[in-house]
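The values are calculated or read from the model by the stated rules, or taken from the named source; none is laboratory data. Predicted model only: the values in this text are computed from it and were never measured. No Cβ is skipped: glycine too gets one built from the backbone with ideal geometry, and neighbour counts run over all protein chains shown. These area figures cover heavy atoms from the full protein model, side chains too; ligands, DNA and RNA do not enter into them. Shrake-Rupley method; radii C 1.70, N 1.55, O 1.52, S 1.80 Å.
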Amino acid sequence: LSEAESWGKKPSTGSYKVETKSDEGSLTTGGSLVKAEPEDGYGVVTAKLAEMIEEQIVSGEFETIEAPTEMLEAEDASEREVYLIASATTSFKGSDKNRRYNIWKISDKLNGVVFKPGETFSVNTHVGERNAANGWKEGQGIEDGMLTPQYGGGICQVSTTMYNATLKAEMKMVNRLPHTMHVKYVPEGLDATISTGGPDFKVMNRLESEMYMIVRCDNPSSTVTVEVYGYQERDYDIKRSTEKISTSE
């Protein structure tokens, strides 16, 4: 934002917000959508402010100016209904404790994300660098077709689950790459790898209204579920299928 754009507070429509919950002890995340009250905003009346500054310049008499403001009334959208558009679930049964922790940690970071209309969302940017200093544990990850120990190992299962949910939600896939070897938790061709400083998963909200994401990580059942919500009710479901068309030598 420019300095001028930061002078004030934008009104917030009374739509929905995500109330998240997380428990590091049990390695669980979840949440729910609740209706939010509209909040008025305010902004600086720049034309009036410019006039006041000009008057002082002309007169040569300078003193502190209190910037004139105006109230920006919020639209009450609290009657709008939000719907579950799509969801996807994968299992991490058999994962070791470090991989389970990393899956929980990225689930916690992605839980409650709001996709703004026309916004491109980057998983790498939102989650941040995976290293020991940021609290990630070392787990097995795929690199150049081999399993190697790396900080954040296992988090691609969540980006993959998110890929499947957002694909079914008909969001635009801006950037997505598969692993260099097949992963067991989804059919071939339905994975999305991410890496610090490397592959990223990016999606864009095509709608003219917000979309919301809830990530449910349940360590006791070894499942992670990604749910995508929006204001457009659907009367159909999306089914995915893959077909292997070639194999590299």
- Message: Return the Rg/Rh ratio of segment 1-134 with Cα-based radii and a Kirkwood Rh.
- Response: 1.17
- Item | For segment 71-128, alpha-carbon Rg over 2.2 N^0.38 Å | 1.65
- Sorted from largest down, what three extents in whole angstroms do the Cα atoms of segment 148-193 have along their principal axes? 34, 20, 15
- Task: Determine ³J(HN,Hα), in whole Hz, for all residues of segment 106-122 in sequence, where each value follows from phi through the Karplus function 6.51 cos²θ - 1.76 cosθ + 1.60 and θ = phi - 60°; x replaces Gly and Pro.
- Result: 6, 4, 5, 6, 8, 5, x, 4, 10, 8, 6, x, x, 7, 9, 9, 9
- Query: In a GNM of the chain with a 10 Å cut-off on Cα contacts, which of 26, 159, 59 has the highest mean-square fluctuation?
  - Reply: 59
- By the gyration tensor of its Cα atoms, with a ≥ b ≥ c the square roots of the eigenvalues, what is the shape of segment 175-226: rounded for a/c under 1.5, prolate for a/b over b/c, or oblate? oblate
- Counting only DSSP beta bridges fully inside the chain, the antiparallel percentage to nearest 5 is 100
- Task: Find the accessible area per residue for the chain; the probe is 1.4 Å, ligands and nucleic acids are left out, and the unit is Å².
- Result: 58
- Task: Calculate one ³J(HN,Hα) per residue across segment 66-74 by plugging θ = phi - 60° into the Karplus curve 6.51 cos²θ - 1.76 cosθ + 1.60, and present them in order as whole Hz with x for glycine and proline.
- Result: 8, 4, x, 10, 9, 7, 10, 6, 7
- Message: Which of rounded, prolate or oblate describes the chain when judged by the alpha-carbon gyration tensor and an a/c cut-off of 1.5?
- Response: prolate
- Who wins for biggest fluctuation among 230, 41, 31 in a Gaussian network model of the chain, springs between alpha carbons below 10 Å? 41
- Message: Taking all protein chains in place and a 1.4 Å probe, what share, in percent, of the accessible surface of the chain do carbon and sulfur account for?
- Response: 47
- Task: State the Cα centre-to-centre distance between segment 36-52 and segment 198-225 in whole Å.
- Result: 35
- Item | Per-residue HN-Hα couplings for segment 197-206 [Karplus 6.51, -1.76, 1.60; θ = phi - 60°; Hz; x = Gly/Pro] | x, x, x, 10, 10, 10, 10, 10, 7, 7
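Sort 194-204, 106-116 by the packing proxy (mean of other Cβ within 10 Å over each peptide's residues), most packed first.
Result, highest mean Cβ count within 10 Å first: 106-116, 194-204.
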